[in-house]
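A quick write-up on the structure given underneath.
The values are calculated or read from the model by the stated rules, or taken from the named source; none is laboratory data. Quick caveat: nothing in here was measured; it's all calculated off a predicted structure. Virtual Cβ from ideal backbone geometry, glycine too; neighbours counted across all protein chains shown. In case anyone asks, the SASA skips ligands and DNA or RNA and just uses the protein heavy atoms, side chains included. Shrake-Rupley method; radii C 1.70, N 1.55, O 1.52, S 1.80 Å.
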Amino acid sequence: MGGLVLQNLKSSSFEHDVFAVNLKGYPSVFGYPCVRYLREISAPVDLAVICVPPEVIPRVLRQMGRHGIKAALILTGGLARQLNFSPANNLKIAKIAKDEGIRLMGPNCLGILVPEHHMNASYTHIDALPGSSAYVGHSAALGGALLDWAGARGIGFSHFLTLGASADIRISDVVDYLASDRRVKAILIHLEQIRDANRLLTALRAASRSKKVLAIRTHSKDALPNGVTDVGKIDSEFFSRAGVLQVDTIDGLFSGLEILSRSKPLYYRNLAIVSNGLGTAMLARQYLLANNGDLAPAPKSERLKQDSWYSSETRGNPAILPPQASGEDYVSFMKELEKEPSLGAMLVIHSPNRRSNSSEVAQALLKYIKRSRRLVLTCFLGGLTTQDARKSFDGSGLLNFDSPTDAVNAFLTLAQHTAAQEALRETPTTDALDFIPDRAQAKRVIYQARQERRSYLTWPESRYLLRAYGFKLVDSTFDTDFDRLLNRLTPRYFPAALRIVHETYSYPFAYQSIPAARWRGAKIELPDVAALNVAHEELLAEKKHRLPDSKILGWAVQPMRRKVDALQFSLGITRDETYGPLIFFGEGGSHADMLADRQVALVPLNSSLAKQLIQKTHGYAVLLERSNDLDNDLKILIQYCVALSQMVIDNPRLAGVEVNLLLQNDDIPIVLGAAASLGEKVRPALNPYPAELEEHVTLKNGADVLIRPIMGEDEPELKAFFARFDSEALRLRFFYSRLKFEHLELAYMSQIDYRREMVFVAMDQGQMIGEMRLWWDINRNEIEFAIMVAPVAQGTGVASLLMEKTFRYAKSLHVRTIIADVLPENTAMLGLAERFGFEKMMEDDIMKVVKHL
């Protein structure tokens, strides 16, 4: 293997010094000088490529540490597997490397290829072509095959590497590095293992804001979270929250990259189809709708209606032009169509015939599409007579496809990526939770269960937990003694439902793969006490037969609340061993296929994300049909989903919560039943709002002000905050003149990743009067800051309080240095820095202020 690496370095024309190290004492290897020991190399070494058996690696790493080598690739692969290179061995070499101050890539990695540096430090059989896309993955075998596949198609890379077992450096580290490289335009990722979903999601979200990021996911094991049957839904949610385009195949990885690279922005996720043939256009329409794509609204223009054929059959989309339509006919029609305000993309399909020349149509379309601000996809059907048309589009870097199906698939890919990007910057509303959770009550309930060494909550405890987070529950009464329970009943409980509460069904998800077939341990529509007594005996007998070892905990009686028009929903909390806590929502009830309809979302959830979760389900389609007050019903369902998200953030030991919710048109949704289980603490994949950083302070003028981290909901107030400054103040802050702030920028500024950056805002009765923005450079272990104080609050001590808050925050992160770039004429900022002991130095007409902690 070492010989292969040396040959690849030589064939790639690597321009810097290379040394071989081998105990056999060769004078040279493939033209490179060879030594027996590291100590014989006098020049500084930047990278060591380790190709030795696993049992030798610890000794080699210690030698590297003694000689000041700080980076290593461990290419030991197949041999490592034969000798059982276990996770324990990975931890061992990672610890040695950390002790020696060495960063590792591998073991079992392919190596690194950087064509721009003529560097091929790998054992691949083929070199990478230069390009602007980077690839990083886990599998060396897949990486080698993919490199060959790309080479055959002329696809190049800026970087190409695989990480193998990732004893130290992980894909998240590489993504961070690639995201900061301006030469990299796109990042392609193959994920096989995710050890820290939080860290990876943080890196992907940061990268996808400035790069095109595509990912393919493979699973080495089939573990599923409780209550979920499709791991693909969880993967899809993860990549969607990251703003990443998920694909399923290697072809999809590169075709997706080509589509994203050649496309224009998609402002609306809908498609208008224009064709000179009805059959081909209807095939495209049919395929689009079958794959959950959206047609653009029918055009309102009377001219468009007059110029298109078959309008009654197609309702204006597709738009059918005459078979003999020329290129100018297409362009004239599309120019008018482009005026439609809610149009997303256009798909132009041309079928060759004797009266319409494909090449002439292509040339006319080329000129128009290059100037158009809309996304246009083209499809020249046929073969012999359309080759020139296709070549002209391919040569111009425009989106052209051989079939309507391929074109629609490309549109769906763009729509999926656009949706993920929109999710990154969508502003959540502020009305999701209109109450303050009783966190103390919830913690008492969980503490009591843990004190009794139970991993489940009892019937009353589950209800206490839900009430603490604003759920309305159906009236019920519970007792461990059945006779005592009967004595408490009043007429309002009849007709009643009786449930036997036992240990097995106190856990959520206490059913197999067919929830509708499970025994529910309940009797319903009981008219009186006599019927309750009969049901009591029947339930005891059934329980003894079905679950003889499950301990009986008590009995519960509820008044019957179901009506003919009632809807049931199943929602709650589960957890995935990779992605952490999840919120699920779907249709409920004994006749619903609950598991098939369930959709999942990562926590934390805001109102916008909760709404999207609900709208993906079949249960929502039923709600649309049967709700008398859709807006209010949806608002409450959103509140409940957000409440579940907050519940698991506040109580990370919650392993599962399952809620059976009843919605009736004459009342708000109520909980019929619930179950909850406990486990070890688990961290969410996304960092929740750090409420512990909130603090109240008093200004010099006596005003009570809240200093807290910024939230996504602050976007409107952030815009209003910037509007309170004149152009000169904004120039001093942003280093150039500006007055307008668009939604996209404001969303990025308010929806931050609390693990990467921090923004403290000072709020005076809901109005933002100060902002301290912090960026943490983890490589340099320093924080850069920028601060603004509203004119009305200047001189009240807001700036000093925000600076003191920053110092405390930096020390909690063990940051060594705080810095800021300041324009020399910004005297207020320089005065603040001087008061807090910052050093000042001039660099390229910018004053840099620095304070070492």
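Rounded to the nearest 0.05, what FRET efficiency is calculated for H852 and I778 with R0 set to 22 Å and r the Cβ-Cβ distance?
Using R0 = 22 Å, I get an efficiency of 0.80.
Need the full-extension length gain, R450 to F735, defined as separation in residues times 0.36 nm minus the C-alpha distance. One decimal, nm.
Result: 97.1 nm gained on full extension.
Quick one: the Cα spread of the range 526-610 along its three principal axes, in angstroms, biggest first?
Result for the range 526-610: principal-axis Cα extents of 49, 37, 21 Å.
Once amide H atoms are built 1.01 Å from N in the peptide plane, which residues 5 or more positions from V759, or in another chain, come under 5 Å H to H?
Amide H neighbours of V759, under 5 Å, 5+ apart: I710, L774.
So for the range 244-323, what percent of the C-alpha to C-alpha distances run longer than 20 Å?
46
Taking 0.36 nm per intervening residue step and subtracting the Cα-Cα distance, what contour gain separates S42 from D483 on full extension?
So the chain would gain 149.8 nm between S42 and D483.
Taking only C-alpha pairs under 8 Å that are 6+ residues apart, what is the relative contact order of the range 118-170 in percent?
With pairs under 8 Å counted, the relative contact order is 43 percent.
Quick one: of the DSSP bridges fully inside the range 189-342, what percent are antiparallel, nearest 5?
Just about 10 percent of them are antiparallel.
Only residues of the range 246-284 count here: report those whose backbone N is under 17 Å from the spot 7 Å along Cα→Cβ of S342, or say none.
267-273
Taking K and R as +1 and D and E as -1, what net charge do the other residues with C-beta under 12 Å from the C-beta of S133 add up to?
Charge balance in the 12 Å sphere: +2.
Check which residues have an amide H placed less than 5 Å from I50's amide H, if you skip close sequence neighbours.
Those lying under 5 Å, H to H, from I50 are L73, I74, L75.
Summarise the long-distance tail of P(r) for the range 608-719 by giving the % of C-alpha pairs beyond 17 Å.
That fraction is 69 percent.
Keeping all protein chains in the complex and leaving out DNA, RNA and ligands, what accessible area do you get for Y330 with a 1.4 Å probe, in Å² to the nearest 10?
Counting only protein heavy atoms, Y330 exposes about 0 Å² to solvent.
Using a 7 Å offset from the Cα along the Cα-to-Cβ direction at both R355 and K98, what is the distance between the two label points in nm, to one decimal?
Here the modelled spin labels are 7.6 nm apart.
Tell me the per residue accessible area of the range 355-465 using a 1.4 Å probe; a whole number in Å² is fine.
48
Separation of the range 386-407 and the range 274-301 by C-alpha centroid, Å?
Cα centres, the range 386-407 to the range 274-301: 19 Å.
What nm distance separates the two modelled labels at T229 and Q767, each placed 7 Å from Cα along Cα→Cβ?
Output for this residue pair reads 5.7 nm.
Per residue of the range 176-189, what does 6.51 cos²θ - 1.76 cosθ + 1.60 with θ = phi - 60° give for ³J(HN,Hα)? Whole Hz please, x for Gly and Pro, Karplus curve as stated.
4, 5, 5, 5, 8, 9, 5, 6, 8, 9, 8, 10, 9, 10
For the range 312-461, what are Rg and Dmax over the alpha carbons, in angstrom?
That works out to 27.2, 84 Å for Rg and Dmax.
Which of rounded, prolate, oblate describes the range 306-372, given a ≥ b ≥ c as roots of the alpha-carbon gyration tensor eigenvalues and a/c under 1.5 marking rounded, otherwise prolate only if a/b is larger than b/c?
oblate
Would you compute, from DSSP H runs of 4+ residues alone, the mean residue ellipticity of the chain at 222 nm, taking -39500 (n - 2.57) per run and dividing by the full residue count, rounded to the nearest 500?
Only helices count here, giving -11000 deg cm²/dmol.
Got a number for the accessible area of R390? Probe 1.4 Å, square angstrom, nearest 10.
Near enough 40 Å² of accessible area.
Once phi is turned into θ = phi - 60°, what whole-Hz ³J(HN,Hα) does the Karplus curve with 6.51, -1.76 and 1.60 give for every residue of the range 328-340, x standing for Gly and Pro?
Once θ is set to phi - 60°, the couplings for the range 328-340 become 5, 4, 4, 5, 4, 5, 5, 4, 5, 5, 5, 6, 5 Hz.
Can you give the Rg to Rh ratio of the chain, both from alpha-carbon atoms, with Rh computed by the Kirkwood formula?
Answer for the chain: 1.01.
For the range 112-246, give the magnitude of the charge dipole about the Cα centre (Cβ charges: +1 Lys/Arg, -1 Asp/Glu; no others), in debye to the nearest 20.
460
Please give the contour-minus-distance gain from H696 to A423: 0.36 nm per residue of separation, less the Cα-Cα distance, rounded to one decimal in nm.
My answer for the length gained is 95.1 nm.
Show me, for the range 438-454, the HN-Hα J-couplings you get by feeding each phi into the Karplus relation (A = 6.51, B = -1.76, C = 1.60, θ = phi - 60°), rounded to Hz, glycine and proline as x.
After applying 6.51 cos²θ - 1.76 cosθ + 1.60, I find 8, 5, 5, 5, 4, 5, 5, 4, 5, 4, 4, 4, 5, 4, 8, 6, 9 Hz.
Keeping all protein chains in place and using 1.4 angstrom, which order do Y287, Y32 fall into by accessible surface area, from largest down?
Y287, Y32
Quick query: amide H of A272 versus all other amide H atoms, modeled in the peptide plane; which residues come in under 5 Å with a sequence gap of 5 or more or a different chain?
Correct list: A296, G344, A345, M346, L347.
With Cβ to Cβ distances under 12 Å as the rule, what net charge do the other residues near Y620 carry (K, R +1; D, E -1)?
-1
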